[in-house]
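The values are calculated or read from the model by the stated rules, or taken from the named source; none is laboratory data. Not measured: the values here are computed from a predicted model. Here the Cβ is made from the backbone with ideal geometry for all residues, glycine too, and neighbour counts use every protein chain on show. Heavy atoms of the whole protein, side chains included, go into the accessibility calculation; ligands, DNA and RNA do not. Shrake-Rupley method; radii C 1.70, N 1.55, O 1.52, S 1.80 Å.
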Amino acid sequence: MIERSPLFNAITYLAMLIGLVLVLLPFWVVFIGATLSLPEVARVPLQMWPSDQLFQNISAAWIRADLGPKMINSLVVAVGVTVGKIVIAALSAFSIVFFNYRARMVFFWLIFITLMLPLEVRIVPTYAIAANALSPVQALLDVTGLTGLVQQLGGVQIALNWNLLNSYEGMILPLIATATGTFLYRQFFMTIPDELVEAAKMDGSRPMQFFVDVLVPLSRTNMLALATIMFVSTWNQYLWPLLVTTDREHFGTVVMQLKALVPAQNGTPDWNVTMAGALIIMLPPLLVVAVMQRWFVRGLITKDK
Amino acid sequence: MAAISIRGVKKRYNPKALVIHGVDVEIEKGEFVVILGPSGCGKSTLLRMIAGLEEISEGEIAIAGRVVNDLEPRERGCAMVFQNYALYPHMTVRQNIGYSLKVSGVPKAERDMRVVNVARIVALEPYLDRRPAELSGGQRQRVAMARAMVRSPEVFLFDEPLSNLDAKLRVAMRAEIRKLHRDLGVTSVFVTHDQNEAMTLADKLIIMNAGRVEQIGPPAEVYHRPASRFVADFIGSPAMNLLEGQFDDHGQFVHGTGGRLVVEQLNGVRRPGLRAVLGVRPEDVRRTEPHAPGAVSGTVDYIEELGSARVIHADVAGSRLVAVDASGVSLAPGAQVHLSVASGVLHLFSLESGQRIEQTH
Ligand SMILES: Nc1ncnc2c1ncn2[C@@H]1O[C@H](COP(=O)(O)OP(=O)(O)O)[C@@H](O)[C@H]1O
Ligand SMILES: [Mg+2]
């Protein structure tokens, strides 16, 4: 047990306070910055109390960065990736935990290894696939000589092509595989007693029925926790959307637009508008966390069943 | 036609370890069969092979004349009650009971009606909208039973369903299960390691030991004519006295350090020189006067007080002899006692195989 003394308590609170200030200070600066007028924001040192320009700055930022459509893009991508991740993670964990097949451990380790290969590491091959999602199939046909065979027999050149660049699919699909999510689900599924699975079998439930009727409802808290993490991390994705979209006009996300909000090299240094833009952009994930935090904590810590 | 035929069934979980060594059992329609044996002897494995939850390594099982080896559990017409109830924690009692009907596509109206009907039978009607976590152990057990009943299966399978209940509730549930079986008449197979449970419930007992069937028969027969030394030892409490020894030239049974028992009833099998195991139940060993015919003397080791009677553990010429005494005379450890064996109640088992040696009368 941890010793509790007034001194120790004081130290604990102090440490927490310092941590809190360190975390919250940048947000405070952003918020203050977003309320200032241009002359105020240019003053050194920066004032630490709010001014009255918040709504003007927000509307300026909204228009400058075209945040309306970009918000929609961000939302589509973040929701798409989150849903995709949860579905894939739950299904792959379902397969690994509840089915007894030879290659089970192989798949388990393959997924495990991908933990060490985040998107940033495999970004070039991933891009190549996104440019033509069917290229692995094409390669297979080429290697096996099927392409040549078909060309000789039918006179048709097989050239499969499915381009994912500049599309929502391209921004979503390559991100939905998640080893972390699979592991979270696996841990949860392993706590399901065998008897429950057998009871469902005796009741006549087929595997997918068991998944939908029993596993999904039981894993609700895990799912919400996972959804929270995944939504926030996808919302904040910068590199991948930047790479797969050349058509920023139609497919840009809000995080990509941050750049458009930063004052140009020798333009007006209106950092107040930049801060207001940043404030808008970080609002949705903040809201999601605020709404979900109750389940979030429960899903990650306790096993309530 | 038997409701369940088990023919030459073997089970191995891995190529080397045979867990069930060939079981042959016929279970008649409407019978309540109890599989009894020490823990780890393969009772659950056998039951699970009937249910379809475990593959049958060798032999075949037929339910209602149809070989089910390759059928899925849902196709076998069995319902099962599990030791830990295995209720769906997120569903209400109503949904738990009705789940099998929902899965098989029974329309909602009919489903609700059938759920309410079985809930009434097991007195669960007031709890239909609760979740399992809001029920007591006995109520959960009844939900598990209702869930098994709702499909009107051909066979009920129970795997130690009462072992998580406290002693009093266990006895009550036992009576309830017995009554349900009387009312519904569904063929039932019940696994337990508790002999009281087995004796009170069974029409037919199957005694198992280490993956083999030791004896099949009605409880009274198993009690009065145990087919092997194992069964004799396993059934009955306090356990049967089993004395290893040999018949002398006068047909007396010599045991321990030379103690002799007069065993006239064993005429016909007491060949001089035959080595065997002599069994007699503690309730058939009486305290007697020192000079009564056939009395042997021993020293009291200790006394177990049961309230209505006392169990005397005595040392008789190096062998342990246990007797049940209802006389109320107090005895201290170390005291001399004289015991005699009632006639007509001796059992004899082969020393090598442990099989019963039949007595000719
Ligand atoms: N899934 C399994 N894999 C390997 N061995 C098992 C498995 N299930 C049971 N066994 C073994 O089979 C034997 C019988 O088990 P079980 O049927 O559960 O016994 P009981 O129900 O009579 O206590 C035990 O020795 C047990 O260790
Ligand atoms: Mg068992």
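Note on B:LYS16: lysines with a C-alpha under 21 Å away, same-chain residues under 8 apart excluded, are B:LYS43. Magnitude of the charge dipole for the range B:146-278, about its Cα centre and with charges confined to Cβ atoms of Lys, Arg (+1) and Asp, Glu (-1), is about 160 debye. Membrane-span-like helices of chain A, defined as complete DSSP H segments with a Cα extent of 20 Å or more along the helix axis and a mean Kyte hydropathy of at least -1.0, are identified as A:6-35, A:67-98, A:220-235, A:271-301. Working from Cα pairs under 8 Å separated by at least six residues, relative contact order for the range B:58-216 is 24 percent. Using the alpha carbons alone, the radius of gyration of the range B:68-140 stands to its Kirkwood radius in an Rg to Rh ratio of 0.99. The distance from the alpha carbon centre of the range B:1-41 to that of the range A:194-218 is 27 Å, rounded to a whole number. Remark: the range A:164-305 carries 46 Å² of accessible area per residue (probe radius 1.4 Å; ligands, DNA and RNA excluded). Modelled label positions at B:ALA309 and A:ASN9, each set 7 Å beyond Cα in the direction of Cβ, lie 6.6 nm from each other. Once the Cα-Cα distance is subtracted from the 0.36 nm per residue extended length, the B:ASN267 to B:ASN164 segment shows a gain of 32.3 nm. Across the range B:247-361, the relative contact order, built from alpha-carbon pairs under 8 Å that are at least six residues apart, equals 32 percent. Taking the centroid of alpha carbons for each part, the range B:208-270 and the range A:15-44 are 91 Å apart. The stretch between B:GLU358 and B:ASN196 holds 55.7 nm of extra length on full extension. This uses 0.36 nm per residue minus the Cα-Cα distance.
Modelled label positions at A:LEU91 and A:ALA131, each set 7 Å beyond Cα in the direction of Cβ, lie 2.9 nm from each other. The magnitude of the dipole of the range B:1-133, with charges of +1 and -1 set on the Cβ of Lys/Arg and Asp/Glu and taken from the Cα centre, is near 400 debye. Share of pairwise Cα-Cα distances greater than 26 Å in chain A is 63 percent (whole percent).
Can you work out the PRE-style zone for A:ALA264? Point 7 Å along Cα to Cβ, and I want the residues of the range A:23-61 with backbone N under 19 Å. Zone members listed by number: A:60-61. Where only DSSP H runs of four or more residues are counted, chain B gives -7000 deg cm²/dmol as its mean residue ellipticity at 222 nm, each run worth -39500 (n - 2.57).
Roughly what % of Cα-Cα distances in the protein assembly as shown sit above 34 Å, to the whole percent? Value for the protein assembly as shown: 66 percent of Cα pairs lie more than 34 Å apart.
For the range B:75-81, backbone phi angles converted through the Karplus equation (6.51, -1.76, 1.60; θ = phi - 60°) give residue-by-residue couplings of 8, 9, x, 10, 10, 10, 10 Hz, Gly and Pro being listed as x. What angle, in degrees between 0 and 90 and rounded to the nearest 10, separates the Cα long axis of helix B:108-121 from the longest principal axis of the Cα atoms of chain B? With rounding to tens, the tilt is 30 degrees. In terms of the mean number of neighbouring beta-carbon atoms within 10 Å, the peptides B:348-358, A:135-145 order highest first as B:348-358, A:135-145.
On the range B:98-147, 51 percent of the accessible area sits on carbon and sulfur atoms, based on a 1.4 Å probe. Scanning chain A for chymotrypsin sites (Phe, Trp or Tyr not before Pro) lying in DSSP loops with no more than 12 further Cβ atoms inside 10 Å, the longest uninterrupted stretch between such sites is A:102-237. Under the simplified labelling scheme, the A:ASP194-A:ARG43 pair shows an inter-label distance of 7.3 nm, with each label point 7 Å from Cα along Cα→Cβ. A dipole drawn for the range A:158-229 from +1 and -1 charges on Cβ atoms has a positive end, and of A:LEU196, A:VAL214, A:THR178 the residue lying farthest that way is A:THR178.
Principal axis extents of the Cα atoms in chain B, from largest to smallest and rounded to whole angstrom, are 78, 45, 36. Calculate the FRET efficiency for A:TYR238 and A:ALA139 from the Cβ-Cβ distance with a Förster distance of 35 Å, rounded to the nearest 0.05. Given R0 = 35 Å and the Cβ-Cβ separation, E is 0.70. Legend: residue pairs A:LYS201/B:LYS29; B:LYS108/B:LYS168; A:LYS85/A:LYS201; B:LYS168/B:LYS204; B:LYS29/B:LYS102; A:LYS201/B:LYS204, Cα-Cα distance threshold 32 Å; pairs beyond threshold, B:LYS108/B:LYS168. When the accessible area of each residue in the range A:217-256 is compared between its chain alone and the complete protein assembly (1.4 Å probe; ligands, DNA and RNA ignored), which residues differ by at least 30 Å², being lower in the assembly? Listed in order, they are A:LEU218. Per residue, the solvent-accessible area of chain B (1.4 Å probe, heavy atoms of protein chains only, all protein chains present) comes to 44 Å². Rolling a 1.4 angstrom probe over the range A:175-305 with all protein chains present gives an accessible area of which 66% lies on carbon and sulfur atoms. The B and A chains share an interface that buries close to 1900 Å² of accessible area, total over both sides, probe 1.4 Å. Over chain A, Cα pairs under 8 Å with separation of 6+ residues give a relative contact order of 30 percent.
Going from the isolated chain to the complete set of protein chains, the range B:21-68 loses at least 40 Å² of heavy-atom accessible area (1.4 Å probe) at B:LEU53. Here's the picture: charge each Lys and Arg Cβ at +1 and each Asp and Glu Cβ at -1 in chain B, and of B:LEU346, B:VAL213, B:VAL263 the one pushed furthest to the positive end of that dipole is B:VAL213. Annotation: amide H of B:MET80 within the under-5 Å range of B:LEU157, sequence separation 5 or more or interchain, hydrogens built in the peptide plane.
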